[in-house]
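The values are calculated or read from the model by the stated rules, or taken from the named source; none is laboratory data. Here the structure is a predicted model, which is why all the values come from computation and not from measurement. For neighbour counting, all protein chains shown are included, and Cβ atoms are generated from backbone atoms with ideal geometry for every residue, glycine included. When the accessible area is computed, the model is the full protein with side chains, heavy atoms only, and any ligands, DNA or RNA have been set aside. Shrake-Rupley method; radii C 1.70, N 1.55, O 1.52, S 1.80 Å.
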Amino acid sequence: MMDRNFLVVGVGGQGALLASNILADVGVKAGYDVKKAEVHGMSQRGGSVNSHVRWGDRVRSPVIDGGEVDILLALEKLETLRYLHMLRKEGFVFIGNYAIPPLSVSSGNDQYPDDEEIESLVGQFTPHHYAVPTLSLAEQAGSVKAHNVVLLGAVSNCLPEIRVDMWFEVIAEQVPHKYLELNQNAFLLGRKSGTQ
């Protein structure tokens, strides 16, 4: 079993907690020892949040040290840059295309970086970075709220030992039944787009 450290980042209200809960439960289902830190930061809508999820043969601490993240899942584009220092060399970064300008940008004091600038900065840390069109794929699945599950689908390509049916079982446990098919479709659309 391969140890893996995941960091889910975004802003409050984007579904970081659901994404990290799904990641943690999938790890348990796959037979890993799993630890998960509660979401840190300003969890109210609009504040920066992050959640640590660790899989391993034996995990002693839920908190990931700087430079030890294997897979960074960014639900919001700018949050990717805030947490790049956490990434292990040659780690993987999955960037959703959701942009929520912070107060400094909306007040006119700062400028939100464009996609090329974000990609260039991330590329200095790792060649393994993927821009995932989470909003359009989630809308295609039935609701933009499923953008977090789209991102998980993309990430699933880095976890070949985890079967799709295991993801589906956990998603079924985590989302209301009436939204299950929507979230399964969102996951599959993300998986198809994942590492292209």
Only residues that are in a helix (DSSP H, G or I) and out of contact with any Ser or Thr (no Cβ under 6 Å at 6 or more places or on another chain): list them for the range 1-33, please. L17, L18, A19, N21, I22, L23, A24, D25, V26, G27, V28, K29
Of the residues in the range 73-90, those that are more than 15 Å from V53 (Cα to Cα) and either of a type in the set (D, E) or in a strand (DSSP E or B) (or both) number 4
Whichever residue in the range 165-192 is open to solvent by 30 Å² or more (accessible area, probe 1.4 Å) and either among the polar types (S, T, N, Q) or assigned to a loop (DSSP other than H, G, I, E, B) (or both) and, among such residues, is farthest from L72 (Cα to Cα): P176
Could you list, ordered by first residue, the pairs with Cβ atoms under 7 Å in which the first is in the range 1-17 and among the charged types (D, E, K, R) and the second is assigned to a strand (DSSP E or B) and open to solvent by 10 Å² or more (accessible area, probe 1.4 Å), at least 6 apart or interchain? R4/D70
Which is within 21 Å of S156 (Cα to Cα), open to solvent by less than 30 Å² (accessible area, probe 1.4 Å) and of a type in the set (S, T, N, Q), of N50, N21? N50
Kindly indicate whether E119 is open to solvent by 40 Å² or more (accessible area, probe 1.4 Å), acidic (D, E) and either closer than 26 Å to E169 by Cα or not in a helix (DSSP H, G or I) (or both). no
Kindly establish whether S143 is among the small types (G, A, S), modelled with pLDDT of 95 or more and either within 17 Å of D70 (Cα to Cα) or surrounded by fewer than 16 Cβ atoms within 10 Å (Cβ to Cβ) (or both). yes
Candidate set: the range 122-140, residues that are more than 14 Å from the chain's Cα centre (by Cα) and open to solvent by 30 Å² or more (accessible area, probe 1.4 Å); chosen: the one nearest to F92 (Cα to Cα): H128
Just one of I100, I95, I162 is touching a strand residue (DSSP E or B) at 6+ places or on another chain (Cβ under 7 Å) and either surrounded by fewer than 14 Cβ atoms within 10 Å (Cβ to Cβ) or in a loop (DSSP other than H, G, I, E, B) (or both); which is it? I100
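For (1) β-branched (V, I, T); (2) in contact (Cβ under 8 Å) with a residue 24 or more places away in the chain, each residue gets a yes or a no:
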| site | (1), (2) |
| --- | --- |
| V63 | yes, yes |
| I71 | yes, yes |
| H85 | no, no |
| N97 | no, yes |
| S106 | no, no |
| V122 | yes, yes |
| T126 | yes, yes |
| H147 | no, yes |
| G153 | no, yes |
Being among the small types (G, A, S), surrounded by 16 or more Cβ atoms within 10 Å (Cβ to Cβ), within 26 Å of K35 (Cα to Cα) and modelled with pLDDT of 95 or more, is that true of even one residue in the range 56-79? yes
